[in-house]
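Let me begin by presenting the structure, written as structure tokens, before commenting on it.
The values are calculated or read from the model by the stated rules, or taken from the named source; none is laboratory data. Everything quoted here is computed from the prediction, not taken from an experiment. Reconstructed Cβ throughout: ideal geometry from the backbone, glycine too, with neighbour counts over all protein chains shown.
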Amino acid sequence: MATIQLIEPAEVLIKSVCKRFRNDAHELINVLHELQHELGYLPPEVQSAVAKELQIPVSKVYGVVTFYSFFSMLPKGKYQISVCLGTACYVRGGELVLEEFKRRLNIKVGETTNDGIFSLSCIRCVGACGLSPVVTIGEKVYGRVTPQQVRRIIDEYMMLEED
């Protein structure tokens, strides 16, 4: 399998972020958080470069990236849709809402649409159980969502893309 090389600006960014955290292996989570914020995700090439800069095994970096749900190894869409499947949301139809998003966007959980506009994930609890089932897109919270509302929600964001 061929190794993919990072483009120079990414290499410079990784070195700069690691240096800002004194190339301290104990700052791994902070380094990864900053890099994900800048790059959008943490592919294997980035993980390998971080491991080299912090002088730790790639397996340790990979272990942290895959353990914490806020890190992603795949690019995220411009609009990140999260469907709550906590107990209240699940009981009130959250799974049906999720299925409708999957069907309409033609993606699975954890994937991004081919146009890069939407990505889909599940979350365990938003803390708005009285509004269940709940969907979040970025900072916006949609309450009492039904499968029939999914198309309207998607269309709302598609209209933003047309402007």
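Scanning segment 59-108 for residues that are among the aliphatic types (A, V, I, L, M) and in a helix (DSSP H, G or I) yields a total of 9. Screening 46, 12 for residues that are at pLDDT 95 or above and either assigned to a helix (DSSP H, G or I) or closer than 29 Å to residue 117 by Cβ (or both) leaves exactly one candidate, 46. Just one of the listed residues (127, 116) is closer than 30 Å to residue 27 by Cβ, in a loop (DSSP other than H, G, I, E, B) and modelled with pLDDT under 95, namely 127. Within segment 23-38, residues that are closer than 16 Å to residue 63 by Cβ reach partners that are polar (S, T, N, Q) with beta carbons closer than 8 Å, at six or more positions or on different chains, in the pairs 25/55; 36/72.
Looking across segment 108-163, the residues that are farther than 17 Å from residue 95 by Cα and hydroxyl-bearing (Ser, Thr, Tyr) come down to 112, 113, 157.
Residue-wise test of (1) among the acidic types (Asp, Glu); (2) outside the structural domain of residue 152 (by TED's automatic domain parsing); (3) in contact with an Asp or Glu (Cβ under 9 Å, 6 or more places away or on another chain).
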position: 21; (1), (2), (3): no, yes, yes
position: 52; (1), (2), (3): no, yes, no
position: 94; (1), (2), (3): no, no, no
position: 108; (1), (2), (3): no, no, no
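If the condition is being part of a helix (DSSP H, G or I), at pLDDT below 95 and not charged (D, E, K, R), then segment 30-43 contributes 36, 37, 39.
Scan segment 96-117 and tell me whether some residue there is under 18 Å from residue 78 (Cα atoms), among the acidic types (Asp, Glu), touching a residue at least 24 places away in the same chain (Cβ under 8 Å) and in contact with a strand residue (DSSP E or B) (Cβ under 8 Å, 6 or more places away or on another chain).
Of all residues in segment 96-117, those under 18 Å from residue 78 (Cα atoms) come to 101-102, 104-117.
Restricting the remaining residues to those that are among the acidic types (Asp, Glu) gives 111, 115.
Adding the requirement that they be touching a residue at least 24 places away in the same chain (Cβ under 8 Å) leaves 111.
Now drop any that are not in contact with a strand residue (DSSP E or B) (Cβ under 8 Å, 6 or more places away or on another chain), which leaves 111.
Looking through segment 96-117, at least one residue is under 18 Å from residue 78 (Cα atoms), among the acidic types (Asp, Glu), touching a residue at least 24 places away in the same chain (Cβ under 8 Å) and in contact with a strand residue (DSSP E or B) (Cβ under 8 Å, 6 or more places away or on another chain).
Selection of segment 126-155 for residues being surrounded by fewer than 20 Cβ atoms within 10 Å (Cβ to Cβ), closer than 10 Å to residue 84 by Cα and not hydroxyl-bearing (Ser, Thr, Tyr) yields 127, 128, 129.
When the residues of segment 4-56 are filtered to those that are polar (S, T, N, Q) and either under 20 Å from the mean Cα position of the chain (by Cα) or within 20 Å of residue 66 (Cα to Cα) (or both), which remaining residue is surrounded by the most Cβ atoms within 10 Å (Cβ to Cβ)?
Filtering segment 4-56 for residues polar (S, T, N, Q) gives 5, 16, 23, 30, 36, 47-48, 55.
Among the residues that remain, those that are also either under 20 Å from the mean Cα position of the chain (by Cα) or within 20 Å of residue 66 (Cα to Cα) (or both) are: 30, 36, 47-48, 55.
Details: 30: 13, 36: 18, 47: 24, 48: 17, 55: 9.
Applying the filter and picking the extreme gives 47.
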